[in-house]
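Derivation of every value follows stated rules applied to the coordinates shown; laboratory data play no part. All figures in this text were calculated on a predicted structure; none of them were measured in a lab. Here Cβ is always computed from backbone atoms with ideal geometry, including for glycine, and neighbour counts include all displayed protein chains.
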Amino acid sequence: MTRRLSNATLDALPEFVQVPGYDRSRLSVGMVHIGVGAFHRAHQAVYVDDLLADNPNWAIVGASLRSTATRDALAPQDGLFTVVSRGPKHDEYRVVGALTEVLQADADRERLMAALTAEDTRIVSLTITEKGYCHDPATGRLDPGHPDIVHDLSHPDAPRSAPGLIVAALASRRSLGYPAFAVMSCDNLPANGDTARRIVVDFAHRMDPIIGNWIKNETAFPATMVDRIVPATTDADREAVADTLGLEDAWPVITEPFSQWVIEDRFPAGRPRFEEAGAQMVADVAPFETMKLRMLNGAHSTLAYLGYLAGFETVAEAIADDDLKGLVTAMMSEEIIPTLEVPDTDLGAYREQLIERFANPALRHRTWQIAMDGSQKLPQRLLGTIRDRIVAGEPYRRLALGVAAWMRYVTGVAEDGAAIDVRDPLAERLAAVYAEAGPDAESLVRGYLDITEIFGDDLAQDSRFVATVSEHLGALFALGARATVNRLAAAQ
């Protein structure tokens, strides 16, 4: 039987595997991270891991709001896990030790609250995805009717949601006389720091106005921009890691060589020296965040929907198609870049870097995975850019095709008639719209545009937008994704 990765087996690893360069027994916790998924472990945990040799006081306690899978996988491994960076030519392996433990919010509530309220905890970071904020993605405001928010306001001592958990912890710190920790969102949300602040403060005011005012005045919500492609780990990945290490790792993460982290420098209670690990500390994250959401994430989503419909399993396969590559390259060049102003950044070079990253054949990033939760992602990734183009009176046909491809995808019926496993918080509503409208493009577009949580109130009133998306959707039904992309390329 293969032995398990753990503190006791680190010495058994091959020499080419990078291991923690510090004594883990000397670590103390300075951060709690909510949402310990693959992305956090391939991104923020790696940056912190690089800093612990010089300052061991910033180790991380991880928390999962729902699943026990990460906790159960990492507990026998003393919180250790492998990060595999897959490049076009070779892989690099490192074992990360920044996580001291992972807790599950319900099963380990007392220990989690103790970590959140400990005086030395100075940062609480988040990667909970868009839906974890319990908000209306079209407005960025708290959804007071969300079932978890309704529950948490009625049961403040047993919160289910991230806003409820953060407010409960901050309220406890206030009663103990401890300073507020900084709340650092690392999710792909517009103005993620302001969004987190707005949601947390709103929730707190609904629970107790006095606590709400204290949080509003005392808590910092630094914005961030994060970037690293992290596909879902497969059983084949686990087997390959075990074969390479000679040790079993139940929960490795696979990623790309590239990594970027831009952080707004607002941490009144202190922070690690993130810049020494390669992060960019800036006064204003917004331009970088908009660049990434529109160029990387907007192109990624467009590739995901069109690529899936065209029969491509991975992003690398999709971008290898000349027409799809031409589409997203032109979309970035002609429709997205003109909406951006980013200090000290060559946007053309960034575009080429993105195309190269998408094409990495060693990274099997599935189009179906990227297509998840599109109703939450569309406003930030495509619709904001379209709105800017509308105001400027400029064309947005490629962006509109991305929207139409999402509409075609969420019908739940593939081009060959097979069912699509649509994973989305609004999946039932989306299915109901298609059940009523059927494959009539104009009716279907109107039905989807009525979902104001996604599209707001304005786009349904813009006749040009409606007509453009309807034309594309009609082509996707009649011709299929490949022919539609080819036709658009020929028309430009």
### Message
Which of rounded, prolate or oblate describes the stretch 75-115 when judged by the alpha-carbon gyration tensor and an a/c cut-off of 1.5?
### Response
prolate
### Task
Show that you can apply the helix-only estimate: for the chain, add -39,500 (n - 2.57) for every DSSP H stretch of four or more residues, divide by all residues, and state [θ] at 222 nm to the nearest 500.
-12500 deg cm²/dmol
### Message
Just to confirm a number: summing +1 for Lys and Arg and -1 for Asp and Glu over residues other than Arg160 whose beta-carbon lies under 9 angstrom from that of Arg160, what do you get?
### Response
-2
## Note on the structure
With Rh as the Kirkwood radius over Cα pairs, the stretch 241-339 has Rg/Rh of 1.10
### Message
Please give me the summed charge of the neighbours of Leu401: other residues whose Cβ is under 15 Å from its Cβ, Lys and Arg +1, Asp and Glu -1.
### Response
+4
### Query
Over the chain, what relative contact order in percent results from Cα pairs under 8 Å that are six or more residues apart?
14
### the chain - convex hull of alpha carbons, volume per residue in Å³
147
### Task
Quote the convex hull volume per residue of the stretch 7-282, based on C-alpha atoms, as a whole number of Å³.
128
### Query
Once fully extended, how much extra length lies between Asp322 and Asn7, figured as 0.36 nm per residue of separation less the alpha-carbon to alpha-carbon distance?
108.6 nm
#### Entry: Packing rank of 466-476, 239-249, 162-172, where each peptide gets the mean count of other beta carbons within 10 Å, highest leading
162-172, 466-476, 239-249
### Message
For the stretch 209-286, what are Rg and Dmax over the alpha carbons, in angstrom?
### Response
18.8, 56
### Query
Where Lys and Arg each count +1 and Asp and Glu each count -1, what net charge lies around Val433 among other residues with Cβ under 15 Å from its Cβ?
-4
### Query
For the stretch 93-162, what log10 I(q)/I(0) values come out of the Debye formula at q = 0.26, 0.27 1/Å, with one point per alpha carbon and no solvent?
-1.27, -1.29
### Message
Given an 8 Å cut-off on Cα distances and at least 6 residues of separation, report the relative contact order of the stretch 305-429 as a percent.
### Response
34
### Task
Compute the Kirkwood hydrodynamic radius of the stretch 133-238, taking the inverse of the mean of 1/r over all pairs of distinct Cα atoms, and give it in Å to one decimal.
14.7
### Query
For the chain, what proportion of DSSP beta bridges, expressed in % and rounded to the nearest 5, is antiparallel?
35
### Normalised convex hull volume, the stretch 139-198, alpha-carbon set, Å³ per residue
88
### Query
Of the beta bridges DSSP finds with both residues in the stretch 7-282, what % are antiparallel, to the nearest 5?
30
### Message
With a cut-off of 8 Å between alpha carbons and a minimum separation of six or more residues, what is the relative contact order of the stretch 361-492 in percent?
### Response
26
### Task
Report the Stokes-Einstein translational diffusion coefficient (µm² s⁻¹, integer) for the stretch 290-341, Rh taken as the Kirkwood radius over Cα pairs, at 4 °C with viscosity 1.567 mPa s.
117
#### Entry: Gyration tensor verdict on the stretch 329-468 (Cα atoms; rounded if a/c is under 1.5, prolate if a/b is larger than b/c, oblate otherwise)
oblate
### Query
Against the longest alpha carbon principal axis of the chain, how many degrees, from 0 to 90 and to the nearest 10, is the axis of helix 481-491 turned?
60
### Task
Compute the acute angle (0 to 90°) between the alpha-carbon long axis of helix 209-218 and the principal axis of greatest extent of the alpha-carbon atoms of the chain; round to the nearest 10°.
80
### Task
Using Cα positions and a limit of under 16 Å, work out the lysines in reach of Lys292, with same-chain residues fewer than 8 apart set aside.
Lys377
